Amino acid sequence: MKTTAPWAFEIQDLNSWYGGRQALQKISLLIPERRITAIIGPSGCGKSTFIRCLNRINDLIPGFRVEGRVLFKGQDIYDPTMDPVEIRFRVGMVFQKPNPFPKSIYDNVAYGPLIWGTRKGPALDTAVEESLKRAALWDEVKDMLHQSALTLSGGQQQRLCIARALAVEPEVLLLDEPCSALDPIATARIEELLLELKKSYTIIIVTHNMQQAARVSDVTGFFLLGELIEFAETKRIFTNPVDRRTEDYITGRFG
């Protein structure tokens, strides 16, 4: 499935509905590989719906439907032959509120590899260690792997959730406002981590924090009322937006 194209996703005329309510309208854009793409916009504008379309997690919501195409590495993820479970492993997701399982730190990270056939033993131990290292958490938890993940701080729990997503070797990491519940120090750790991870992963982050989008992302999309208003390099979006609505939002006139 992999190609040499520089795009992780090609979205073509994507529309979505929750029952009779349309949430996204004719979204078309190209998301680059191994870059950080920020999705910004006011509450209720379709940001979370959009990124959840990229790994088909919205399929789990009764009454949800989509039209259009979402090409991941050249293949339409909504094609009937595509396995949505496989897509969700290849396109991992971290949610707004840290949601570790009520298990040990080790078992949280080992969960995905075990499902995909890694047996308990040295291979699983290595997978857990490497995932925690990639999430910049190993040094903090290596002596407490069998303690409950719920004893960790909020920032540590969020990095654990990132480690859990990375453990199944995804190609893309989706993050839905991952720092909204964190303090500034924990937020800075997550941002540093994302800048390191983009060397190996495509990252798409939804954020309400304009400063965060400006700090970490390479390209930014501004959503409003279910439409993509503008999509460009982050520097241009924040210094020379084409659409007045984009300028009004990032300067705080609404939203």
Mind telling me which of the residues Ala135, Ala127 ends up being surrounded by 19 or more Cβ atoms within 10 Å (Cβ to Cβ), touching a residue at least 40 places away in the same chain (Cβ under 8 Å), within 20 Å of Gln157 (Cβ to Cβ) and under 20 Å from the mean Cα position of the chain (by Cα)?
Ala135
Please work out if Arg159 is out of contact with any helix residue (DSSP H, G or I) (no Cβ under 6 Å at 6 or more places or on another chain), farther than 19 Å from Gln96 by Cα and either open to solvent by less than 20 Å² (accessible area, probe 1.4 Å) or not aromatic (Phe, Trp, Tyr) (or both).
no
Answer residue from the range 189-209, given it is under 23 Å from Thr239 (Cβ atoms) and modelled with pLDDT under 95 and is surrounded by the most Cβ atoms within 10 Å (Cβ to Cβ) among those
Asn209
In this structure, is Ser48 open to solvent by 10 Å² or more (accessible area, probe 1.4 Å), of a type outside the set (D, E, K, R) and either at pLDDT below 95 or touching a His at 6+ places or on another chain (Cβ under 6 Å) (or both)?
no
Working only within the range 1-59, note down all residues that are in contact (Cβ under 8 Å) with a residue 60 or more places away in the chain, part of a helix (DSSP H, G or I) and farther than 23 Å from Met210 by Cβ.
none
Go through the residues of the range 176-187 one by one and say whether even a single one is in contact (Cβ under 8 Å) with a residue 60 or more places away in the chain and of a type in the set (Asp, Glu).
yes
Within the range 99-144, take every residue that is among the small types (Gly, Ala, Ser), assigned to a helix (DSSP H, G or I) and farther than 12 Å from Leu166 by Cβ and give me the one that is modelled with the highest pLDDT.
Ala110
Restricted to the range 188-217, and to residues that are among the small types (Gly, Ala, Ser) and in contact (Cβ under 8 Å) with a residue 40 or more places away in the chain, which residue is nearest to Arg159 (Cα to Cα)?
Ser200
Residue satisfying all of: in the range 60-116; basic (Lys, Arg) and touching a residue at least 40 places away in the same chain (Cβ under 8 Å); most open to solvent (accessible area, probe 1.4 Å) among these:
Lys97
Tell me, please, whether a residue that is in contact with a Leu (Cβ under 6 Å, 6 or more places away or on another chain), farther than 23 Å from Pro102 by Cβ and not acidic (Asp, Glu) can be found in the range 192-201.
yes
Filter pass, Pro170 being surrounded by 15 or more Cβ atoms within 10 Å (Cβ to Cβ), in contact (Cβ under 8 Å) with a residue 24 or more places away in the chain, in contact with a helix residue (DSSP H, G or I) (Cβ under 9 Å, 6 or more places away or on another chain) and under 24 Å from Glu33 (Cα atoms)
yes
In the range 204-255, which residue that is in a loop (DSSP other than H, G, I, E, B) and hydrophobic (A, V, I, L, M, F, W, C) is nearest to Arg35 (Cα to Cα)?
Val242
What is the number of the single condition among (1) out of contact with any helix residue (DSSP H, G or I) (no Cβ under 9 Å at 6 or more places or on another chain); (2) open to solvent by 80 Å² or more (accessible area, probe 1.4 Å) that Lys142 does not meet?
(1)
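Results for (1) modelled with pLDDT of 95 or more; (2) in contact with a helix residue (DSSP H, G or I) (Cβ under 9 Å, 6 or more places away or on another chain); (3) closer than 22 Å to Gly41 by Cβ, shown as yes or no for each residue.
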{"site": "Ala149", "(1), (2), (3)": "yes, yes, no"}
{"site": "Leu166", "(1), (2), (3)": "yes, yes, no"}
{"site": "Leu174", "(1), (2), (3)": "yes, yes, yes"}
{"site": "Glu227", "(1), (2), (3)": "yes, no, yes"}
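The values are calculated or read from the model by the stated rules, or taken from the named source; none is laboratory data. The shown structure was predicted, so the numbers you read here are calculated from the model rather than taken from an experiment. Methodologically, a virtual Cβ is constructed for each residue, glycine included, from the backbone with ideal geometry; neighbour enumeration extends over all protein chains shown. Accessible surface areas use protein heavy atoms only, side chains included; no ligands, DNA or RNA. Shrake-Rupley method; radii C 1.70, N 1.55, O 1.52, S 1.80 Å.
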